[in-house]
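S.K.: My questions all concern the structure below.
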């Protein structure tokens, strides 16, 4: 099964190399990884989606925890959480097809962030299946020029932050 | 301890010397170069010793040998680029065996970093997979903190090597020096004392086990817990086996000790592992050289894993119970728990102990004797007898390493220094000089093959220059013995590039060229006298010992086979 891990790390040079290097040399199955600043300037939060059984998941957590710059890891799969991914999708769009695309965008509650004579850029946030579904419709009906996706980020519901959560 | 300066204006280089003083460093191993010129200028006045090796690889292995023998942090210094990359094998060697090292490397100046400058290498990137942690110091004010953390991380928790890469201009920059008194790392808090409830659960398993087995590894040596272990062994009456790295933490002649387990382990140890119903793995990591075919390893047993590193649990074998924490805490905690039922436990396992001792008597370690040939096992036994099992023994890697493990008869912890995890040929000679440097009053004996000798033979000159009285026993079989053994057993006897018969190296002359006494043993009757002569010489000695070429290390569990599927050989074979 998939696990979403919130990994809090020191905001120092080389941290991402340490983490990605560890993941690759231990041959862990990582589906996505997304990093960004947090409410504390010296902390970076990395969301990692791991595919594998409990034993593999435990190894990922234990090995990552050994890195000196990793402060805390919490498994957001074990608690109620909100999980999102952001995608920007550039589709082929002529004057004739634009209105259909706008319809699709509305149905998905996505938004159009750029338009020109030949293309449109659509922004969508949601879980992976929702983004996959939009991509599929657009690809089949209109043709996608390029896609960029952030990988999953996640936050627990309720008042307890990941830094205070047990694993 | 001497009063050390604080809050003083000094250069980065001086701050390093002062920090090493603060860490009570008494010796560093190193090799100078462009990026570390300023550091070496400060070293000129340092109170601690600097051992100049002939190669950076020699320096890092020497620091490793020093650390293994003394239990202190080994320190090595090298310059940027090739100086730093020459440390890589030694750092990886230390990492695999959890040896505390601090490697200080010079880096090109900050403005030159990232421009493919002369002698620039990203040593931080290169060593990331083989260090416990590493630093690149680009600001002089970060230097004391980085060094403090480096030493702290290297020696605490599960020990390991730490690299501190320092830009050249940092050495010359000045700072208001203050060495931190403590370390605050949000992401590094090793757990020494674990959960006592798990000890209770282990105790319950101990009471119901009919065929329990204690299995010890390098963690017991590293944490200096052999006394605590002895008490646990005696309270429980359980039989004990050891990994290569655990040798010495149980005296070889202890009546419950069945010997080394694994690929070249004893019949009794491997049979006991196969048959046991409870395996207490203490400070072990279930390496493939120990387990053989993983799925069949101790297949009848519940496995209880004691380790300070939570990431070791369930990495290779699934543990039924885990005891996280320093084994120096968990071993006595368990011993305390079993104390009041000691007699009951011992009676409970009586028939199992008898079975183990039967295996031991049935197929003890043995080898063929030959009146005309110097048998390597006999050399090891002779050295053991001459040193009464009390020397610091260093090995290189290969057949001789296994013969030493099998036949020396280790009595004391930290008395076998060997590259167990990485299996680094060329480790032995520099490690031996490092060990001798740390243990000037103990005999240090190196066993090495004729192949490994040529990998770092330049360091012989260092033993002469500093008069480190290491006794170097070269097991000269004119081939790369362990590889040849595998070729003989598994590759149809095609000795592809393992013969050294064409070698023109005369080890006696090599020794003498470097200022070391050289001796040679051809015949079995010379062995005792020559070894005694070598031991009596106050300086370093090389003894070239001619042993048979075609000889196998036995018993042997072929790679990927079950532990009880041993090729026994010896007298029976």
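S.K.: Take the residues in the stretch B:177-186 that are in contact with a helix residue (DSSP H, G or I) (Cβ under 8 Å, 6 or more places away or on another chain) and within 14 Å of chain A (Cβ to nearest Cβ), then tell me which one is farthest from residue A:163 (Cα to Cα). Full working, then the answer.
M.R.: Of all residues in the stretch B:177-186, those in contact with a helix residue (DSSP H, G or I) (Cβ under 8 Å, 6 or more places away or on another chain) come to B:177-180, B:183, B:185.
After this cut, where a residue has to be within 14 Å of chain A (Cβ to nearest Cβ) as well, the list is B:183, B:185.
Working: B:183: 21, B:185: 15 Å.
Result: B:183.
S.K.: Answer yes if at least one residue in the stretch B:78-97 is touching a strand residue (DSSP E or B) at 6+ places or on another chain (Cβ under 6 Å), crowded, with 24+ Cβ neighbours inside 10 Å and farther than 15 Å from residue B:134 by Cβ, and no otherwise.
M.R.: Step one: filter the stretch B:78-97 for residues touching a strand residue (DSSP E or B) at 6+ places or on another chain (Cβ under 6 Å), giving B:78-80, B:84, B:87, B:91, B:94-95.
If we keep only those that are crowded, with 24+ Cβ neighbours inside 10 Å as well, we get B:78-80, B:84, B:87, B:91, B:94.
Checking the rest, the ones that are also farther than 15 Å from residue B:134 by Cβ come to B:79.
Yes: the stretch B:78-97 contains one or more residues that are touching a strand residue (DSSP E or B) at 6+ places or on another chain (Cβ under 6 Å), crowded, with 24+ Cβ neighbours inside 10 Å and farther than 15 Å from residue B:134 by Cβ.
S.K.: Within the stretch B:145-157, which residues are in contact with a helix residue (DSSP H, G or I) (Cβ under 8 Å, 6 or more places away or on another chain) and surrounded by fewer than 22 Cβ atoms within 10 Å (Cβ to Cβ)?
M.R.: B:148
S.K.: (1) within 14 Å of chain B (Cβ to nearest Cβ); (2) more than 18 Å from the chain's Cα centre (by Cα); (3) under 21 Å from residue A:157 (Cβ atoms): which one isn't true of residue A:109, the others all being true?
M.R.: With respect to (1) within 14 Å of chain B (Cβ to nearest Cβ); (2) more than 18 Å from the chain's Cα centre (by Cα); (3) under 21 Å from residue A:157 (Cβ atoms), residue A:109 is out only on (1).
S.K.: Can you tell me which residue among B:305, B:320, B:340 is within 14 Å of another protein chain (Cβ to nearest Cβ), surrounded by fewer than 20 Cβ atoms within 10 Å (Cβ to Cβ) and closer than 21 Å to residue B:201 by Cα? Give the steps one after another, and end with the answer.
M.R.: On the way: B:305 fails: surrounded by fewer than 20 Cβ atoms within 10 Å (Cβ to Cβ); B:340 fails: within 14 Å of another protein chain (Cβ to nearest Cβ).
None of the other options fit; the residue is B:320.
S.K.: Next question. Residue B:313 versus (1) more than 24 Å from residue B:364 (Cα to Cα); (2) away from chain A (no Cβ under 14 Å); (3) without any contact (Cβ under 8 Å) to a residue 60 or more places away in the chain: which is the lone unmet condition?
M.R.: Exception for residue B:313: condition (2).
S.K.: Right, residue B:561: in contact (Cβ under 8 Å) with a residue 40 or more places away in the chain and not in a loop (DSSP other than H, G, I, E, B) or not?
M.R.: Values: in contact (Cβ under 8 Å) with a residue 40 or more places away in the chain: yes; not in a loop (DSSP other than H, G, I, E, B): no.
It is false that residue B:561 is in contact (Cβ under 8 Å) with a residue 40 or more places away in the chain and not in a loop (DSSP other than H, G, I, E, B).
S.K.: Here's another thing I want to ask about it. Scan the stretch A:25-40 residue by residue and report those that are on the phi < 0 side of the Ramachandran plot and within 14 Å of chain B (Cβ to nearest Cβ).
M.R.: Listed by number, the residues that qualify are A:25, A:26, A:28, A:38, A:40.
S.K.: Which of the numbered conditions does residue B:135 fail, given that it passes all the others? Conditions: (1) in contact with a helix residue (DSSP H, G or I) (Cβ under 9 Å, 6 or more places away or on another chain); (2) away from chain A (no Cβ under 11 Å).
M.R.: Condition (2) is where residue B:135 drops out.
S.K.: From the set of residues in the stretch A:54-78 that are more than 8 Å from every other protein chain (Cβ to nearest Cβ) and in a helix (DSSP H, G or I), which is surrounded by the fewest Cβ atoms within 10 Å (Cβ to Cβ)? Step through it out loud before you land on a result.
M.R.: Looking only at the stretch A:54-78, we keep the residues that are more than 8 Å from every other protein chain (Cβ to nearest Cβ), and these are A:54, A:56-57, A:60-61, A:64, A:73-78.
This time we only want the ones that are in a helix (DSSP H, G or I), so: A:54, A:56-57, A:60-61, A:64.
On the way: A:54: 10, A:56: 17, A:57: 20, A:60: 25, A:61: 21, A:64: 24.
Here the residue is A:54.
S.K.: Moving to a separate point now. When you look at residue B:298, is it modelled with pLDDT of 95 or more, away from chain A (no Cβ under 14 Å), assigned to a helix (DSSP H, G or I) and in contact with a helix residue (DSSP H, G or I) (Cβ under 7 Å, 6 or more places away or on another chain), yes or no? Walk me through how you get there before you give the answer.
M.R.: Details: modelled with pLDDT of 95 or more: yes; away from chain A (no Cβ under 14 Å): yes; assigned to a helix (DSSP H, G or I): no; in contact with a helix residue (DSSP H, G or I) (Cβ under 7 Å, 6 or more places away or on another chain): yes.
Answer is no for this residue.
S.K.: Going by the conditions given, is residue B:197 under 29 Å from residue B:320 (Cα atoms) and modelled with pLDDT of 95 or more?
M.R.: Details: under 29 Å from residue B:320 (Cα atoms): yes; modelled with pLDDT of 95 or more: yes.
Considered against the rule, which asks whether it is under 29 Å from residue B:320 (Cα atoms) and modelled with pLDDT of 95 or more, residue B:197 comes out as yes.
S.K.: Please pick out the residue among B:310, B:332 that is in contact with a helix residue (DSSP H, G or I) (Cβ under 7 Å, 6 or more places away or on another chain) and over 24 Å from residue B:96 (Cα atoms). Steps first, please.
M.R.: Numbers: B:310 fails: over 24 Å from residue B:96 (Cα atoms).
B:332 is the lone residue from the list that is in contact with a helix residue (DSSP H, G or I) (Cβ under 7 Å, 6 or more places away or on another chain) and over 24 Å from residue B:96 (Cα atoms).
S.K.: Out of the residues in the stretch A:11-24 meeting the condition of being over 13 Å from residue A:61 (Cα atoms) and crowded, with 18+ Cβ neighbours inside 10 Å, tell me which one is nearest to the other protein chains (Cβ to nearest Cβ).
M.R.: Residues of the stretch A:11-24 over 13 Å from residue A:61 (Cα atoms): A:11-18, A:20-21, A:24.
When the remaining residues are screened for being crowded, with 18+ Cβ neighbours inside 10 Å, the result is A:15, A:18.
Numbers: A:15: 10, A:18: 6 Å.
Only one residue tops the list, namely A:18.
S.K.: With the checklist (1) at pLDDT below 95; (2) buried (at least 19 other Cβ atoms within 10 Å of the Cβ) in hand, flag the one item residue B:191 doesn't pass.
M.R.: Exception for residue B:191: condition (2).
S.K.: Would you confirm whether or not the stretch B:466-476 contains a residue that is part of a helix (DSSP H, G or I) and under 19 Å from the mean Cα position of the chain (by Cα)?
M.R.: Filtering the stretch B:466-476 down to residues part of a helix (DSSP H, G or I) leaves none.
Looking through the stretch B:466-476, none of the residues is part of a helix (DSSP H, G or I) and under 19 Å from the mean Cα position of the chain (by Cα).
S.K.: At least 3 residues that are under 29 Å from the mean Cα position of the chain (by Cα) and closer than 30 Å to residue B:105 by Cα in each: list the strands (runs of 3 or more DSSP E) lying fully within the stretch B:149-255 that qualify. Give the steps one after another, and end with the answer.
M.R.: Values: elements: B:161-167, B:174-177, B:212-216, B:240-242.
Passing ranges, in order: B:161-167.
S.K.: Moving on to the next point. Among the numbered criteria (1) within 14 Å of chain B (Cβ to nearest Cβ); (2) surrounded by 15 or more Cβ atoms within 10 Å (Cβ to Cβ); (3) outside any strand (DSSP E or B), which one does residue A:46 miss?
M.R.: Every condition holds for residue A:46 apart from (3).
S.K.: Could you please tell me which pairs satisfy a Cβ distance under 8 Å, a separation of 6+ or placement on different chains, a first residue in the stretch B:119-132 that is at the interface with chain A (Cβ under 7 Å from one of its Cβ atoms), and a second residue that is part of a helix (DSSP H, G or I)?
M.R.: B:125/A:17; B:128/A:17; B:128/A:18; B:128/A:21; B:129/A:21; B:129/A:22; B:129/A:25
S.K.: Is it the case that some residue within the stretch B:423-441 is surrounded by fewer than 23 Cβ atoms within 10 Å (Cβ to Cβ) and more than 16 Å from the chain's Cα centre (by Cα)?
M.R.: Checking the stretch B:423-441: at least one residue is surrounded by fewer than 23 Cβ atoms within 10 Å (Cβ to Cβ) and more than 16 Å from the chain's Cα centre (by Cα).
The values are calculated or read from the model by the stated rules, or taken from the named source; none is laboratory data. Computed from a predicted structure; not experimentally measured. Backbone-built Cβ (ideal geometry, glycine too); neighbour counts: all protein chains shown.
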